[in-house]
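In what follows, a structure is listed as structure tokens, so that the remarks can point back to it.
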Amino acid sequence: MHEGLAQHGTAVFAHEQVAGKGRRGKTWLAEKGNNLILSMVINPSPLLPTQQFQLSACVAVSALQLFQKLAGEDTRIKWPNDLYWQDRKAGGILIESIIGAGSWKWAVAGIGININQVSFAGVGGRPVSLRQITGRQHDAPDLARQLCAIMDANWQQLLTAGFDNIYELYQQNLYKRGELVRLRHGSRNFDGLIKGVSRDGRLQAEHGLEESFATDEVEWIFPDPDRSGNL
């Protein structure tokens with residue numbers, strides 16, 4: 001990608017991942033052949049570096065639409081980068097970027113979704129797979145192709161019609177929106193009502209007063225210690 005060899009839209013599907021990573025250096029463990037593990041090259045130059053959330057939301061909404069089609073309306077986007085079904089983690093997204101000279105040159109969206117895996121021994125976050133939800137096996141490579149098509153359509157919509165529709169879908173499907181949750185900001189823990197996410201990607205929470213938080217400023221705290229933090 002640094003040498004311009006990877007073209008926009010190039011997607012690499014992996015049958016196995018042995019060194020996957022998430023935010024804050026956390027690992028992503030995936031059984032061989034049982035999950036959707038996809039890296040997608042995107043040329044985000046039509047967007048400004050300050051508009052990175054627009055790409056992040058576009059990828060998240062695309063993953064949501066794929067999963068909802070099979071798992072139903074209980075699928076949600078957990079800010080900032082996870083796919084949840086009910087209160088269980090079904091997938092995650094990590095976007096790495098190259099920014100230089102005031103422009104956003106390239107981005108790689110890494111998407112991992114639990115498809116057919118049923119054993120998650122030693123993995124925190126109460127993970128869940130599509131097979132566990134639907135009771136049947138799914139073709140992970142075919143789902144990856146479907147995801148690429150959905151992402152391409154949403155990306156084109158973002159470039160031609162603007163961010164409004166994708167942003168609205170993100171807001172409508174935000175995990176715990178309108179609910180009281182436990183959050184940690186630095187050394188301070190507090191209960192906050194999730195109001196939404198701003199157009200630049202900041203989590204909006206109300207606890208007496210309304211505050212907004214950037215991606216690395218706040219963590220979720222779940223009752224089970226196994227599930228603390230942004231997984």
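What follows draws every value from the coordinates through simple rules; no lab data is involved. Because the structure is a prediction, the values reported are computed rather than measured. Neighbour counts run over all protein chains shown; Cβ positions are idealised from the backbone, glycine included.
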Given a Förster radius of 41 Å and the C-beta distance between residue 216 and residue 145 as r, what FRET efficiency does 1/(1 + (r/R0)^6) yield to the nearest 0.05?
0.80
FRET efficiency, residue 138 to residue 8 (Cβ-Cβ, R0 30 Å, nearest 0.05)
0.60
Cα-projected label distance for residue 172 with residue 199, points at 7 Å along beta-carbon direction, nm:
1.9 nm
Cα-only Debye scattering, the stretch 180-227: base-10 log of I(q)/I(0) at q = 0.20, 0.22, 0.24 Å⁻¹
-0.63, -0.76, -0.89
Under 23 Å between C-alpha atoms is the cut-off here; go through the chain and count lysine pairs that meet it, provided they're at least eight residues apart or on different chains.
17
Placing each pseudo-label 7 Å from Cα in the direction of the beta carbon, residue 118 and residue 99 end up separated by a distance in nanometres of 4.5 nm
What is the extension gain from residue 181 to residue 156, computed as 0.36 nm multiplied by their sequence separation minus the C-alpha to C-alpha distance, in nm to one decimal?
5.5 nm
Quick one: order 129, 97, 187 by neighbouring beta-carbon count within 10 Å, fewest to most.
187, 97, 129
Report the normalised scattering of the chain as log10 I(q)/I(0) at q = 0.08, 0.09, 0.18 Å⁻¹, calculated by the Debye formula with identical scatterers on the alpha carbons.
-0.28, -0.36, -1.49
